[in-house]
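What follows is a short report on a single structure.
The values are calculated or read from the model by the stated rules, or taken from the named source; none is laboratory data. In this text the structure is predicted, and so the values were computed from the model without any measurement. All Cβ positions, even for glycine, are placed from backbone atoms using ideal geometry, and neighbour counts span all protein chains on display.
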Amino acid sequence: MKRRQLLVAVLLAACATLAAAQSAYPTKPIRLVVPFAPGGTSEIIARAVAQQLTSQLGQSVYVENKAGGAGTIAMTEVAQSAPDGYTLIVGHVGTLAVNPYAMATQPYDVNKDFVPVALLARVPNLFVVAAPVPAKDFKEFVALAKKEPGKLNYGSAGNGSAGHLAFEYLRYVTGIDIVHVPYKGTGPMLQDLLGGRLDATSAGTPALLPHIKSGKLRAIAVGTPQRIPALPDIPTVAELGYKDFETSQWYGIIAPKGTPREIVAKLNTEINKALATSAVTQRFADDNAIAGVGSPEAFGAYIAKEQTRWKEVVEKGKIRIE
């Protein structure tokens, strides 16, 4: 009997200690991994939120870029990290909704080895061409690509990146033959695009708008169903004759499976609070990003919906990521 009572006392003490630790969370810096090279939309979104979370939580939330393998290198590392809330990763349309169907194998299961924490933002995809490309608008670009199949190229942040997926989707619906050139991040890709070594790209508004405004890049279409305030004269792909075409980038924070619900709930509350601050809302507004306030369950449902949509696109477009 005494032994049983001692065991119960030890278990209760352990539970109390765990509860106290979780309620005190965080007690040390939090690492937020971005699975792509610096300079892309994912990093811009992550840093805006991380900076605000640092202020709210009283602990540093620092962003670490870890590129490679269409996001799988970073995802694998985080999946194997301690589920204690101190290692998180930015998941997006590529890593969570496309890679599971476009890659033959993955060293993890996105639905079983991670838990959703919060949707951060949805960002419109833009389709742009470099200034030297002899196409003033979308229709001329498609006509040029069909006239000279295989001659034009487009760059992306890498295989499986949002820009890669958007352009492959466009290639599929328009029937154009255009060469994909993957890079290790949006930053290095933009250097070549601005330098005239690439013809086109698709990426989120944060990375492209400054160059569109400077005249170095020319926007030819928007991937969302509605036009965006920053570029009111640029039509959507759907209104140009490709009904129901829709592609946008979205980003959210996920954690390794086994992360305590209390910690996930606290992170979700603090992230939603951060998304409502003027610092973040203004940063998002500048880039036409839409904040994704909601519960972990709502984010999980959103991921499932996107997986259904992109599975069909991957299969019909025969998209393969090596």
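Exactly one residue out of Leu126, Leu120 is under 30 Å from Ala265 (Cβ atoms), among the hydrophobic types (A, V, I, L, M, F, W, C), outside any helix (DSSP H, G or I) and touching a residue at least 40 places away in the same chain (Cβ under 8 Å): that is Leu120. Among the residues of the stretch 22-59, those identified as touching a residue at least 12 places away in the same chain (Cβ under 8 Å), outside any loop (DSSP other than H, G, I, E, B) and more than 21 Å from Thr259 (Cα to Cα) are Thr41, Ser42, Glu43, Ile44, Ile45, Arg47, Ala48, Gln51, Gln52. Only one entry of Val63, Val49 meets the criterion of being in contact with an Asp or Glu (Cβ under 7 Å, 6 or more places away or on another chain), of a type in the set (Val, Ile, Thr) and assigned by TED's automatic domain parsing to the domain that holds Met103, and that entry is Val63.
Tallying residues that are basic (Lys, Arg), assigned to a helix (DSSP H, G or I) and either modelled with pLDDT of 95 or more or surrounded by 17 or more Cβ atoms within 10 Å (Cβ to Cβ) (or both) within the stretch 209-262 yields 1. Residues considered: Ala219, Ala166. Of these, the only one that is touching a residue at least 12 places away in the same chain (Cβ under 8 Å), among the hydrophobic types (A, V, I, L, M, F, W, C) and touching a helix residue (DSSP H, G or I) at 6+ places or on another chain (Cβ under 6 Å) is Ala219.
Just one of the listed residues (Tyr62, Tyr101) is under 26 Å from Ile290 (Cβ atoms), assigned to a strand (DSSP E or B) and either in contact with a helix residue (DSSP H, G or I) (Cβ under 9 Å, 6 or more places away or on another chain) or acidic (Asp, Glu) (or both), and it is Tyr62.
Considering only residues that are at positive phi and basic (Lys, Arg), which ones fall in the stretch 263-299? Within the stretch 263-299, no residue meets the criteria. Of the set (1) over 19 Å from Phe138 (Cβ atoms); (2) at pLDDT 90 or above, all apply to Ile178 but (1). Sub-8 Å Cβ pairs linking a first residue in the stretch 275-286 that is under 13 Å from Ala50 (Cβ atoms) and small (Gly, Ala, Ser) to a second residue that is surrounded by 15 or more Cβ atoms within 10 Å (Cβ to Cβ) and modelled with pLDDT of 90 or more, at least 6 apart or interchain, are Ala279/Ala48; Ala279/Gln51; Ala279/Gln52, ordered by first then second residue. Of all residues in the stretch 187-208, those satisfying the criterion of being outside any strand (DSSP E or B) and at pLDDT below 90 are Gly187, Thr205, Pro206, Ala207.
Restricted to the stretch 137-157, and to residues there that are under 17 Å from His211 (Cβ atoms) and in contact with a Lys or Arg (Cβ under 9 Å, 6 or more places away or on another chain), the residue that is surrounded by the most Cβ atoms within 10 Å (Cβ to Cβ) is Ala157.
Which of the residues spanning the stretch 154-173 are farther than 17 Å from Ala102 by Cα and modelled with pLDDT under 95? Once the filter is applied, which keeps residues that are farther than 17 Å from Ala102 by Cα and modelled with pLDDT under 95, the stretch 154-173 yields only Val173. On the stretch given as the stretch 71-98, residues that are farther than 15 Å from Gly252 by Cα, in contact with a Ser or Thr (Cβ under 7 Å, 6 or more places away or on another chain) and assigned to a helix (DSSP H, G or I) total 0. Within the stretch 60-94, count every residue that is surrounded by fewer than 18 Cβ atoms within 10 Å (Cβ to Cβ), in contact (Cβ under 8 Å) with a residue 60 or more places away in the chain and within 18 Å of the chain's Cα centre (by Cα). Number of matching residues: 1.
Scan the stretch 263-301 residue by residue and report those that are aromatic (Phe, Trp, Tyr) and either at pLDDT 95 or above or under 23 Å from Thr27 (Cα atoms) (or both). Matches in the stretch 263-301: Phe299 only. For the stretch 115-136: of the residues being surrounded by 21 or more Cβ atoms within 10 Å (Cβ to Cβ) and among the β-branched types (Val, Ile, Thr), which is farthest from Ile290 (Cα to Cα)? Among residues in the stretch 115-136 that are surrounded by 21 or more Cβ atoms within 10 Å (Cβ to Cβ) and among the β-branched types (Val, Ile, Thr), the one farthest from Ile290 (Cα to Cα) is Val129.
In the stretch 129-186, the residue that is nearest to the chain's Cα centre (by Cα) out of those that are among the hydrophobic types (A, V, I, L, M, F, W, C), over 23 Å from Asp233 (Cβ atoms) and not in a loop (DSSP other than H, G, I, E, B) is Ala162.
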